[in-house]
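Student: Input: one structure, supplied below.
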Amino acid sequence: AHTCLIHFIKRKQKMDTWLKLNSTRKGHDAIARLLQYACKIVTSWHLFPAWFQQLETTLRLNRKVLRFGTFADSLNAARKKAAPSSSQEPFIRILEALSLICNAGYLFVDHLLILNASKLLNLPDSPRWARISNQFWLASILHQLVSDFVKLGIKLKQSVTFKGVVKGQFDKLHELEPIFLSIVKNLMNMFLPLAALGYVKRKGFVGVCGVGSSCINMLPLLK
């Protein structure tokens with residue numbers, strides 16, 4: 001009976017985690033993103049490629065439709081980020097604001113492409129617009145990545161003495177953990193627009209990067 005109770009509690013915890021993730025727009029997008037790039041890995045192995053490729057396309061389009069209009073959220077977040085703040089370095093604020101502006105540009109052009117695909121808008125030379133969208137996407141990630149490295153440099157400078165001895169105990173590492181995770185996530189994310197732009201050809205590698213960054217994206221949502 002005790003074993004059954006433990007098993008029931010574990011199943012309930014897993015179900016609660018799933019419901020918590022799926023109850024928000026970000027959580028739903030994170031799950032769909034994870035499945036989308038997992039499908040890309042499977043298709044690269046040539047296992048039921050047609051079925052999984054169709055599922056990947058469906059998940060990608062689902063995500064595009066659900067985030068329709070979110071470019072305005074990115075612009076608003078950029079406006080708030082650019083506001084003077086004593087808690088953050090001006091250079092970091094500028095980098096993160098630029099990242100959000102580029103993300104807004106990526107989303108806005110992506111919205112136009114959705115309207116064009118739905119025949120609600122006649123967009124001339126849609127492949128060119130798709131390339132512009134992916135360039136905005138890449139620029140957004142690169143700005144965020146530079147911001148992460150600047151933050152890491154500042155934190156290391158604050159925690160290391162002139163002799164190179166780390167102050168404090170292992171709790172200092174916990175302060176660096178979110179920055180390290182963000183760097184790893186953005187390094188993996190960087191290959192996604194590069195693949196969309198035609199610079200990275202290996203679908204399996206792109207799928208692994210997408211799945212890895214999706215898992216890191218989910219961590220804050222599970223806390």
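Student: Kirkwood hydrodynamic radius (Cα pairs, Å) of region 52-120?
Tutor: Answer for region 52-120: a Kirkwood hydrodynamic radius of 13.6 Å.
Student: What is the set of long-range amide H partners of L121 at a cut-off below 5 Å, with H atoms built 1.01 Å from backbone N?
Tutor: Correct list: N116.
Student: Provide the per-residue ³J(HN,Hα) series for region 204-210, in order, calculated from phi with Karplus coefficients 6.51, -1.76, 1.60 and θ = phi - 60°, each as a whole number of Hz, with x at glycine and proline positions.
Tutor: Karplus values, whole Hz, x for Gly and Pro: x, 5, 4, x, 4, 4, x.
Student: Something else now. For F205 and V150 in one chain, what is 0.36 nm times their gap in residues minus the Cα-Cα distance, to one decimal in nm?
Tutor: The F205-V150 span can extend by a further 17.1 nm.
Student: A further question on this structure: For the pairs K40/K185; K40/K119; K26/K185; K157/K185; K81/K151; K40/K64, flag any whose C-alpha to C-alpha distance is greater than 20 Å.
Tutor: Where the Cα-Cα span goes over 20 Å, the pairs concerned are K40/K119; K157/K185.
Student: Something else: Could you check the spin-label model distance between H46 and N116? Points 7 Å from the Cα along Cα→Cβ, value in nm.
Tutor: 3.4 nm
Student: Which aspartates and glutamates, on any chain, are close to K155 with Cα under 18 Å apart, when same-chain ones fewer than 8 places away are left out?
Tutor: Filter leaves E89, E96, D171, E175, E177.
Student: Moving on. Which value, in Å² rounded to 10, gives the accessible area of F180 with a 1.4 Å probe and all protein chains present?
Tutor: 100 Å²
The values are calculated or read from the model by the stated rules, or taken from the named source; none is laboratory data. Bear in mind the structure is a predicted one, so any value in this text is a computation, not a measurement. Heads up, the Cβs are rebuilt from the backbone with ideal geometry, glycines too, and the neighbour counts pull from every protein chain shown. These accessible areas exclude ligands, DNA and RNA; they are computed on the full protein's heavy atoms, side chains included. Shrake-Rupley method; radii C 1.70, N 1.55, O 1.52, S 1.80 Å.
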